Every structure is written in structure tokens, then in C-alpha cells.
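One structure is given below, encoded as C-alpha cells.
Bear in mind that the values in this text are calculations on the coordinates, not laboratory data. None of these values were measured; they are calculated from a predicted model. Here the Cβ is made from the backbone with ideal geometry for all residues, glycine too, and neighbour counts use every protein chain on show.
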Amino acid sequence: MFDKRFRKTIREFSMLKAGDRIAIGLSGGKDSCALLQSMVQLKEKLPMELVAITINEGIKGYREKTLKTAKRECEKHGVEHVVLSFKEAAEMDLDEIVKTKKDGVPCSHCGVLRRYLLNKGSREAGANKLATGHNLDDVAQTVFMNIMRNEPARLARYLEPISQSSKFIRRIRPFMRTPEKEIAIYCMVNGIELDNMDCPYAGFAFRGQVRKILNETEEKYPGTKFRILNSFIEMEDALRAKYSVNAKLESCKSCGEPCSDEVCMFCKKVKVLK
Ligand SMILES: [Zn+2]
């Protein structure tokens, strides 16, 4: 059932083809470890190359443990492993960024830096696609959050960037139809040992509130998360069409990465934080 859904989702969105070189965003949590194992198994049938990328944000007491898990899983499956750190890229790790008390919650800083490094890191590792472990719960939460924040434009570019650039590595989410609970069970059954630690900054996030609402609603009305995902997929084309009209693509004047403004979000953020 688990594998069947994983493969069906890949086919539904034409996520993979033979000969792809896939970067796997490997945080060392349950979703990405399950994704790594599923991709390694799929590779037997669909010839492709895999490289795992872990971003070390520099979160004391948390990242060391998940980094160890990520390393162990890569060694277990013989997958090449690249580790990139905030400290190296932005000269500051997340703990230091949080201490600056500059505008924004930790997750918004972290999100910008992590997305940037994952895209750049995947490209530099020679990958043509970036697979992440986002599951059904994550996607349903994101859809809800963007509606609650009145940010439909973000929703429009969630599955793929609006502006096409060879510098943007296509993102794929083979677990987008898989409930979080099933991934936890998969890890247990397959003997993937995890620390089961939550990020110490997760409590700051709006996402936690949305997760709670969705879990309570799912409990009373089973299938809610699937219905949110399906509504989103149904609306996606229309959203993309609407927001692609004025979309422009530039290269960041500071770092050369693709962006929709003169300077990219990463460089803006790093400048504000310094
Ligand atoms: Zn930049």
C-alpha cells in the first residue's frame, strides 16, 4: 500500500524518468529517511542516480543528532552525501540568527536560507530534480496556511516555480499523498531508528496551530487532508495561469541565483541579519 501510493504519485505527476540524477533533501527526520529508502528501492526498477543533501542550520542539541542519522542512512544505502551549512553560506548559523532578534520568526529565516541552499546545492551536485519528504499533512498545512495568510501567489508556485529557469531545480514530493502517520509506521517496520526530536524552534511557528486544527478536523471528518490536497491540485492550473502573467525572472545582482527581484530573498535576508 505504502509503496503503491508512492509509485502512483510519481506517475501521476511524471516526477521521475530513467537517467535522472535526483538530489534528496535529507534532514534525518522520518519523512526524508523514508524517502531515501523508497528511492533506493525504486532505483532497482528505474535506473537513476541519487545524492542526498543535508542542510546544517546550526541548531544546538538538535541538528547534531539528525545529522548523525542522515549520515548513517546514507552509509547504509551507499548513497553519496553532501552537507551544506548556514554558517558557511551566510556566515551565521540559525542559533546566532535567532539571537539577533531581527524581524521574523526563526522558521521564516530558516525557510528562506534552506530553500536557497537546497536549490543551489542540488544544482551544484549535478542533480536535475530535488526530491523532498513533504507528506500529505505538510502539503495540506501549507495550503491552509497560505489561505489564512492571504498569500495565494505562494500557493501558485508551491509545486513548481512560476518563472522557468535552468537554475531552478524542479522539486518533487513523492509522499504528497502519504499521511504522516503512515510514514512513521514505515520507519518503524523498516527499522529506521530516529531520534523523534522536534526542532526546538517549531513552537514559534504558525504551522503548529494549523497542524492542530487539521488533525482535529481529520479526526472528526476523515479524509479532510486528502480533500484539501485534491482541491489544491484542482485549482493549481488556474492559480499558475493568473500569477504567471506578470512574473519576471532576474538573476540576483549579488549572488547570481535566479529570483523575481533585483536581489534574491537569501541575499536580502543575510544583509538584514548582519
Ligand atoms: Zn542572491
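Taking the Cα atoms of region 51-193, the ratio Rg/Rh between the radius of gyration and the Kirkwood radius comes to 0.96. Partners of Lys99 within straight-line reach, counting aspartates and glutamates whose Cα lies under 19 Å from its Cα and excluding those fewer than 8 residues away in the same chain: Glu57, Glu88, Glu91. Partner aspartates and glutamates whose Cα lies under 16 Å from the Cα of Lys101, excluding those fewer than 8 positions away in the same chain, are identified as Asp93. Ordered from longest to shortest, the equivalent ellipsoid semi-axes for region 200-258 are 33, 22, 7 Å, each the square root of 5 times a Cα gyration tensor eigenvalue. Normalising by residue count, region 1-123 has a Cα convex hull of 120 Å³ per residue. Taking each of Lys167/Lys248; Lys30/Lys120; Lys17/Lys43; Lys17/Lys68 in turn, the alpha-carbon distance tops 19 angstrom for Lys30/Lys120; Lys17/Lys68.
Gyration tensor over the Cα atoms of region 153-232: the corresponding equivalent ellipsoid has semi-axes (square roots of 5 times the eigenvalues, largest first) of 25, 19, 16 Å.
Diagonalising the gyration tensor over the Cα atoms of region 72-154 and scaling each eigenvalue by 5 before taking the square root yields semi-axes of 25, 21, 12 Å, largest first. Evaluated at q = 0.07 Å⁻¹, the base-10 log of the normalised Debye intensity for region 2-273, with identical point scatterers placed on the Cα atoms, takes the values -0.24. Under Stokes-Einstein, with the Kirkwood radius over Cα pairs as Rh, the value for region 13-81 at 37 °C and 0.692 mPa s is 263 µm²/s. Each peptide among 6-16, 219-229 gets the average number of other Cβ atoms lying within 10 Å of its residues, and from highest to lowest they stand as 6-16, 219-229. Summarising the overall dimensions of region 125-274 from its C-alpha atoms, the Rg and Dmax are 17.7, 50 angstrom.
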